[in-house]
Amino acid sequence: MKSSALDRKNPESLIAGHSLSEIEYVLRMLEPELASGNVSPSSFENATRLRNVQELARHRTFAYLCEWERRFGYSSINDSIFGGYKAVVDRLLSVHAPDLVERFNTVYRRLNEAAEQDHTRPAGEELSQALATCRRILEAVVGQVLPAQAEPSAAGYKLDQASYRSRLFEFIKIANESKNVSEATTAMAEGIHARFAAFDKLTSKGVHADVALRAANMCALNVYILCGEVLLLKQETEADAATEAG
């Protein structure tokens, strides 16, 4: 846009070449003339236009500050929520399965390696390896809360080493008998396996790496959260049992 010609129908389309301090100075110089009542049309028009620019700048600055305040506040709340939960999960992992902390680090390294690759190419092996590690992590956590058993469950489901998914749901069922467990844990467990299956389909179709990377990141995040939920449930169940025994 050109600032040499005044667009009277759309003054905001112009680019003002003056700073706010310069605008304030000009307005102060025009104040005596404006106050006298004997003001020329050009001076009145210039003062009105400069005041509009000044008010517009103030309004936009205030709006930007409010927007950034909301963003920082939201970010701070999220950091507090996820940071606190992460500290709890990391502590539980270090107590019950310390080797899994390093496995999660391996997953993150694989995902970072994938993120640095050409995203227009088909999904690479590093994503499949990361998700395979996630499966093994979840299986190891299930082994901590409900080890493999030769006998099937009361409903007839196998609880052997290979049936870690059945053992996961059996553990949630057992925990629910002693306390009111939220259905969210069961839903999350079901969702994890659905995500694994969806990822396998994506990679078999040769989708671009960026699509597979987003799916892999969501799988890894949900596995981490589910592991925390399961270990917390185990801790609470044991605490309730100790209280009843005491």
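Points to keep in mind about this one:
- Taken as a whole, the range 177-184 holds no residue that is modelled with pLDDT of 85 or more, surrounded by 17 or more Cβ atoms within 10 Å (Cβ to Cβ), in the same structural domain as Glu139 (by TED's automatic domain parsing) and within 27 Å of the chain's Cα centre (by Cα).
- Test: Ala16 is touching a helix residue (DSSP H, G or I) at 6+ places or on another chain (Cβ under 7 Å) and modelled with pLDDT of 80 or more: no
The values are calculated or read from the model by the stated rules, or taken from the named source; none is laboratory data. In this text the structure is predicted, and so the values were computed from the model without any measurement. Virtual Cβ from ideal backbone geometry, glycine too; neighbours counted across all protein chains shown.
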